[in-house]
1. Multiply the residue gap between L88 and S44 by 0.36 nm, knock off their C-alpha separation, and tell me the result in nm, one decimal place.
2. When Cα extents along the principal axes in Å is calculated directly from the model, which label among (i) 62, 52, 44; (ii) 71, 42, 37; (iii) 71, 46, 42 fits?
3. Solvent-accessible area of D234, probe 1.4 Å, all protein chains present, reported in Å² to the nearest ten, please.
4. Could you state the angle between the C-alpha long axis of helix 193-205 and the longest principal axis of the C-alpha atoms of the chain, as a value from 0 to 90 degrees rounded to the nearest 10?
5. Pick from R80, R39, R16 the residue whose mean-square fluctuation is largest in a GNM of the chain, springs joining Cα atoms under 10 Å.
6. Any idea which of L263, L245, L171 is furthest toward the positive side of the dipole for the stretch 50-351, if Lys and Arg beta-carbons carry +1 and Asp and Glu beta-carbons -1?
7. With label points built 7 Å along Cα→Cβ from the Cα atoms of S146 and L334, find their separation and express it in nm.
8. Simple spin-label model, 7 Å along Cα-to-Cβ: H266 to F290 in nm?
Amino acid sequence: MASETDSDYQKRTSWRRLTLFSLVFLLMTGAGLYAVYDRFAGRSFEFDNRLLSPTLLIPAAALLLVYYLADGLRLHYTLRALGHRLPLRKVFRLVFINLFFSNVTPMATGGGFAQIWYLTRHGVPVARATAATTIRTVLAVIFIFSLTPVFLLTLDALDGGVLSSGVSTALAVFVTLYLGFFAVLLLRTRWLIAPLSALIAGLRKAHLINASRHDRWQFKVRREMLRFAQCFSDYLQGNPRDILLSVGFTALFLLSLFSFPALLIHGLGYEVNYLVTLGLLVVTTFIMYFSPTPGASGISEGVFGSFFRDILSGNHLVLVTIAWRFLTIYLGMLIGLLVMQRELIKSHRSES
């Protein structure tokens, strides 16, 4: 009885936190949109019926389908490269569950845990589930972080804006170092064991951790590093077709994600420089990776508004910001909430 009570308490606590994060997401989103309206749109906002025209809705629906399909298939083929097969219908449920949790938790931390929970419930071992979600994320990060320095240094649209040339150069250097770290993490994982072990030993010498915790951390660092190295090695030794498709669908997923603003802007009658809008979205997404708010709420809207204020008129800036976030985030989150409720109901019924 005590264990059941503890479990119920943990579930209530988790839902309270989730509710709190959701409220923060809504509040920060509202604050971000108001900042765009107040600072970048000149307090101008007007709905444009062209957003609801078939000439825009049909291609937007098609692009949305590609976006969701590519998101699901990049995980599907990552799992296959690791030697696991999951029915596609279950993979696509996970797409929406991830969209919901990654956007209502700070730094998208909940998305990874939700994906691992879901995969283990459907027969994937914890280590493999962790590796699959990590590799999928790393593939996207490599694309984004590789392109960001290029756009930071070449896009005229960023000159004199939020990012000065000095900041852009510093970010470009930071991204290069970050990618170097990922290269070591993926290809020479064992190299990281020695510096991390020395760091833990330093914490012990500084009396910041006790001997028991020191030994436990040393063991966990070595174990997890070696497990990750083995999983990534297994991924690289998987079926070349599955590896290629996992990379290809990652690229397609990101391309579709970055194409929504260009489609919306074109639908409102503007001349669109696709490469410029693509580059601005890459940099926006890069900044979102470091946003502490749930789903980068508030920050993403503000950055988007600051980047696109010279492309759109004031009365369209807030409108496109809302439409962009609705198509890429809000809609998927709503679907994810419904899917997650169904999964929890199924889980509760199976346990009872």
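1. Working it through step by step, the gained length comes to 11.4 nm.
2. After the calculation, the listed value that fits is (i).
3. 30
4. Helix 193-205 and the main axis of the chain meet at about 70 degrees.
5. Of R80, R39, R16, the Gaussian network model singles out R16 as fluctuating most.
6. In the stretch 50-351, that residue is L245.
7. Going from the S146 label point to the L334 one covers 3.6 nm.
8. 3.2
The values are calculated or read from the model by the stated rules, or taken from the named source; none is laboratory data. This one's a predicted model, so the numbers in the text were calculated from it and none came from an experiment. FYI the Cβ positions are ideal-geometry reconstructions off the backbone, even for glycines, and counts take in every protein chain you see. With ligands, DNA and RNA removed, areas are computed over all heavy atoms of the protein, side chains included. Shrake-Rupley method; radii C 1.70, N 1.55, O 1.52, S 1.80 Å.
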